[in-house]
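**Q** Below: one structure in structure tokens.
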Amino acid sequence: MNPIAMALLLTAGWGFFFAYTARRRWLAMTAGAPAARFDQLGRRFNLMVRFALGQWRMPRHRLAGVAHIFIYAGAAIMLLRGAMLFARGFTVNDPHFGFWLFTTGADGTALGHLYALTKDVLVVLVLVGLAAFFYYRVLKRLDRMTLNFEGILVLCILTGLMLTDVLYDAAGMAQHGGAEFNPWEPLGSIFAAPLRGASASTLTFLHHLGFWGHVSLILGFLNYLPHCKQFHEITAFPNVFFQALEPAGRLSKLEDIEGMVERGETLGVARIEQFSWKSILDMYSCTECGRCSHSCPANRTGKLLSPKLATVDLRNFLYQHTSELIAAKGKQNDDTEPAPHQVELIGEVVKPEVLWACTTCRACEAECPVFITYVDKFIDLRRYLVQEKGEFPHDLQVAFRGLENSGNPWGLPAEDRLAWAEGIDVPLIADQPDAEYLWWVGCAPSYDDRAKKVSRAFARLLNHVGVSYAVLGPEETCNGDPARRAGNEFLFQIMAQANVELLNGYKVRKILTVCPHCYNTLAHEYPDFGGCFEVISHTTFLAELLREGRLRPTNPVNRRIVYHDSCYLGRYNEIYEPPRELLAAIPGAQLVEVEDSRDRGMCCGAGGAQMFKEEEKGEKRVNILRTEQLLEAQPQTIASACPFCMRMLSDGLGMKDQDDLPLQDVAELLWEAVHEDAADNRHT
Ligand code: SF4
Ligand code: SF4
């Protein structure tokens, strides 16, 4: 084509503008706090192949996901096409310069034919995919997608890339090809036909227009990438590769809090550079697809919180302050002044109401195709608000005080912890230190009137089978989850350390729980404090007893039952089957599902310490929406496996004038099926 023009275009497009912007993005990212993400490289590589290269999560939204896969696959072959065209720009005579293996046309190679046909098919699929996104974004105006100039421009650039590619081929074939249809290059052949009557100069012009238009669009797009959401095309791969590999939602431990205070270090995150480099990579990688907000219970009920907008706002702020951040990084390296811009994010970029609306349900994280996380960021910001500024919803003050003084969020007396077990033989670990299992009862199952019935049912099931277990009784305190999720890391750590010492003192190895929040904290967060236990959810444990034939549900429970997935049992720990297995084993029980179930199960609204505070302002309460969803299945009983969910759904049923509809834990239903005298559990 024209080596000089191509060299100039490449130097300007790639060598200067893109390299300059990409370097700034890199420097801003590496100004973030450290994060250890270089372990288990093989596993990371597999995840990247599956989820970034293989686009595994995309079809969760079927049509948009497939449309995205079309565009993504087209982009992959266009990389090869782009490289060929750039190479052709440096030659005047040889149209296959540097890529002879991919020679197309009448004297083409087998690989060339295959490449040409694949490319043409993908060009059509990309255009179909782009049409779908035009439809979703412009015509249908899907809530989760933002209709803005950037989104439209990106669609136009991609469409332009496809059309110039077709023009280049068609004009070239009309110039040099025969009149017959070439099945290996169908698109070019089809569009060459109407051009064949054009003059040689017109065809040359169109050929050059296709060529230079295509390469200019590639370079223009490349330079636009770091400024727009399409940057994910570069960052999504490393973002998936460097995702957290520890159990989902496990929060990081602030090491040596007292030392941090003495050294004047910030507890939590106040400023943008206090997020880790991986969190900043998250911000670069957001595709703005809106899947997170679409599934967020807070967003769905009209709260201020939209996870997508939170990421976009943080990213915009980061872009605005990139120069200061880079300059500050240099200064810190020189051991001089701290960073100059130092704007606090809360209030300025993220409103406190946004932070306090999050239920930590992880619905957003389960949907995000590029594995962006939210709970860790929101908790980091809450940690700063609570521990440095002392600013948090008033109700949480009551919970914190109760945890500090009485070891439970309601401030109830420790000596009442075992009152639920009155009339049932529930051994204390102090009396039976050799018990095989320690049942960590939890606060709600110990004190909440409704949840106490679940404890009674579970104790009866254990006694019925003759399981060797014991409880801590008055020695038990809260595991600390509400304090940690509310941002009070200091209080959580005090509680966790004390609990681990107590459990290790009794040489506990296996722990049973009836509360998913206890399960999650004991199983995944206590190891950071030296507490390494085998923690078993009551649903898993009971399902195992069933399988072993030690529990035989023979009494029919002739009801239509819908099961509500708890976030901390389901999305956090992937315990979906055991509770369903229990229900399916009950004679007469008809298990029905709602659309939002399993990993798409909607939160009840209690997690993330919401249980202990007033819900943020919105159009609807989260528990009401969830109750409505469950009622759509026209159940005769709602089943759950979490005392928090039970409380929220019970309130929801009350507000929907459905107090008479039974709401039961799976353990209660099982006990009803196992033992005839179980009627006292059948209450809402
Ligand atoms: S964790 Fe749940 S409530 Fe919080 S932002 Fe994500 S989806 Fe929304
Ligand atoms: S965070 Fe993930 S799910 Fe949400 S808009 Fe960005 S890419 Fe989409």
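**Q** Could you check V215 against (1) away from ligand 2 (no atom under 16 Å from the Cβ); (2) at pLDDT 95 or above; (3) of a type in the set (A, V, I, L, M); (4) part of a helix (DSSP H, G or I) and say which number it fails?
**A** (2)
**Q** Out of G570, G549, which single residue is free of Cβ contacts under 8 Å to residues at least 60 places away in the same chain and over 20 Å from C642 (Cβ atoms)?
**A** The conditions single out G549.
**Q** Name every residue in the range 358-409 that is within 16 Å of ligand 2 (Cβ to nearest atom) and either of a type in the set (D, E) or over 28 Å from Q230 (Cα atoms) (or both), in order of residue number.
**A** Answer for the range 358-409, where residues must be within 16 Å of ligand 2 (Cβ to nearest atom) and either of a type in the set (D, E) or over 28 Å from Q230 (Cα atoms) (or both): E365, E367, D376.
**Q** Additional query: Within the range 309-318, track down each residue that is surrounded by 16 or more Cβ atoms within 10 Å (Cβ to Cβ) and more than 13 Å from ligand 2 (Cβ to nearest atom).
**A** F317, L318
**Q** Anything in the range 347-358 that is assigned to a helix (DSSP H, G or I) and either aliphatic (A, V, I, L, M) or surrounded by fewer than 24 Cβ atoms within 10 Å (Cβ to Cβ) (or both)? List them, or say none.
**A** Once the filter is applied, which keeps residues that are assigned to a helix (DSSP H, G or I) and either aliphatic (A, V, I, L, M) or surrounded by fewer than 24 Cβ atoms within 10 Å (Cβ to Cβ) (or both), the range 347-358 yields G347, E348, P352, E353, V354, L355.
**Q** Against the condition surrounded by 17 or more Cβ atoms within 10 Å (Cβ to Cβ) and small (G, A, S), how does A35 come out, does it pass?
**A** The answer is no for A35.
**Q** Moving on. Inside the range 533-576, can you point out the residues that are out of contact with any Pro (no Cβ under 9 Å at 6 or more places or on another chain) and either on the phi > 0 side of the Ramachandran plot or within 16 Å of ligand 1 (Cβ to nearest atom) (or both)?
**A** The answer is G549, H564, R571, E574.
**Q** Could you please give the count of residues in the range 275-308 that are away from ligand 2 (no atom under 14 Å from the Cβ) and either assigned to a loop (DSSP other than H, G, I, E, B) or surrounded by fewer than 20 Cβ atoms within 10 Å (Cβ to Cβ) (or both)?
**A** Number satisfying all stated conditions: 6.
**Q** Does the range 355-372 hold any residues that are near ligand 1 (Cβ under 9 Å from one of its atoms) and of a type outside the set (G, A, S), and which are they?
**A** C358, T359, T360, C361, R362, C364, E365, E367
**Q** Go through the range 245-270 and give me each residue that's surrounded by fewer than 18 Cβ atoms within 10 Å (Cβ to Cβ), touching a residue at least 12 places away in the same chain (Cβ under 8 Å) and under 17 Å from A31 (Cα atoms).
**A** T266
**Q** Looking at G423, G411, which is the one that is more than 16 Å from ligand 1 (Cβ to nearest atom) and either in a helix (DSSP H, G or I) or without any contact (Cβ under 8 Å) to a residue 12 or more places away in the chain (or both)?
**A** Criteria check complete, one pass: G423.
**Q** Among the listed residues A12, A35, identify the single one that is part of a helix (DSSP H, G or I), small (G, A, S) and assigned by TED's automatic domain parsing to the domain that holds T204.
**A** It is A12.
**Q** Ok, one more. Out of curiosity, is N239 under 23 Å from Y374 (Cα atoms) and either crowded, with 16+ Cβ neighbours inside 10 Å or among the aromatic types (F, W, Y) (or both)?
**A** It is true that N239 is under 23 Å from Y374 (Cα atoms) and either crowded, with 16+ Cβ neighbours inside 10 Å or among the aromatic types (F, W, Y) (or both).
**Q** Tell me, which helices (runs of 4 or more DSSP H) wholly within the range 359-407 include 3 or more residues that are not assigned by TED's automatic domain parsing to the domain that holds G290?
**A** 394-406
**Q** L591 versus (1) more than 22 Å from N520 (Cα to Cα); (2) in contact with a Leu (Cβ under 9 Å, 6 or more places away or on another chain); (3) in a loop (DSSP other than H, G, I, E, B): which is the lone unmet condition?
**A** Condition not satisfied by L591: (3).
**Q** Show the residue pairs meeting these rules: Cβ distance below 6 Å; 6+ apart or different chains; first residue within the range 484-509 and under 25 Å from A270 (Cα atoms); second residue part of a helix (DSSP H, G or I) and charged (D, E, K, R).
**A** As it stands, the answer is G487/R382; G487/R383; E489/R383; F492/R484, since those pairs meet every condition given.
**Q** Kindly evaluate N479 against the criterion of being under 30 Å from E615 (Cα atoms) and either among the small types (G, A, S) or surrounded by fewer than 24 Cβ atoms within 10 Å (Cβ to Cβ) (or both).
**A** no
The values are calculated or read from the model by the stated rules, or taken from the named source; none is laboratory data. Fair warning: this is a prediction, and the values are worked out from it, not measured in the lab. With ideal geometry, Cβ positions are generated from the backbone for all residues, glycine too; neighbour counts draw on all protein chains shown.
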